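Following: one structure in structure tokens, then a few remarks.
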Amino acid sequence: MSSCDTSGAVEVLEVLPLRIQAIHEARARRFFPASRTAHLIVVLGFLCTGIAIDGAAGTALNIVALGASNTSGWGVGSQQAYPARLEAMLRAKGYDAHVANAGMSFDTTGRMLRRVDSAVPTGTSIVVFNPGGNDLRFFGSKEQRDANIAAIVSRLHARHIKVIVFENTIVPTKLYQWDGIHFNAEGHNVLAAYLLPRVIAAAKPGDGISHSPPTATGAPD
């Protein structure tokens, strides 16, 4: 049986992949010439830069107003209540602020403590907290009220949320409604103006605005 010389076949098998590769490269150059490829790279570079810039922009300033009937806007409506007025004042100063109204009529600090986790969602930066007067009005004790307030503040601080606590006495009595319990529209404006600089001071740099607001003092990071 005579031997078969396969050297020629081996040479063809070795050269064939190189020729196929050359054909593919030639087709690629025809459809994507160097100038078009360079242009594509430049465009992609601009798109990636835009994405990076957008990602570096400040996030919204998310605030929750926690309280009872004064927070909900009893007698004036939620759009005239201090949470809505505070949001408008912050936006007028250039902040992308969102103030959620978590006020519930007849609420006590005990009930606020039970619902604080659901009322204050993840992503909240600041809580403005008005304990109100229902504890004592509904025969609760000052000691229990103080303990509930401290527990609410502690729970929010554990979530790295800053808290601004204020009492109804911030609003002058002449700016109450006929019942002597609830603020009138002007009283809500006064309260929102009182909270405005305190919220700005508590905001983290970059929250809701492109430049850094004043540094907060006396609040946890």
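Yes/no matrix, rows are residues, columns are (1) free of Cβ contacts under 8 Å to residues at least 24 places away in the same chain; (2) in contact with an Asp or Glu (Cβ under 8 Å, 6 or more places away or on another chain):
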{"site": "Asp107", "(1), (2)": "no, no"}
{"site": "Val116", "(1), (2)": "no, no"}
{"site": "Asn148", "(1), (2)": "no, yes"}
{"site": "Ile152", "(1), (2)": "no, no"}
{"site": "Val163", "(1), (2)": "no, no"}
{"site": "Pro172", "(1), (2)": "yes, no"}
**Prompt:** If Ala151 passes every condition in (1) out of contact with any Lys or Arg (no Cβ under 6 Å at 6 or more places or on another chain); (2) closer than 24 Å to Ala192 by Cα; (3) of a type in the set (A, V, I, L, M) but one, which one does it miss?
**Reply:** (2)
**Message:** Tell me whether region 156-168 contains one or more residues that are surrounded by 14 or more Cβ atoms within 10 Å (Cβ to Cβ), over 26 Å from Asp96 (Cα atoms) and over 19 Å from the mean Cα position of the chain (by Cα).
**Reply:** yes
**Item:** Subset of region 174-188 (residues that are farther than 16 Å from Ser69 by Cα and in contact (Cβ under 8 Å) with a residue 24 or more places away in the chain)
**Value:** none
**Fill in**
Across region 56-91, the tally of residues that are within 22 Å of Thr109 (Cβ to Cβ), assigned to a loop (DSSP other than H, G, I, E, B) and either outside the structural domain of Ala192 (by TED's automatic domain parsing) or in contact with a helix residue (DSSP H, G or I) (Cβ under 8 Å, 6 or more places away or on another chain) (or both) stands at 4
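The values are calculated or read from the model by the stated rules, or taken from the named source; none is laboratory data. All figures in this text were calculated on a predicted structure; none of them were measured in a lab. Positions of Cβ are backbone-derived with ideal geometry, glycine not excepted, and every protein chain shown enters the neighbour counts.
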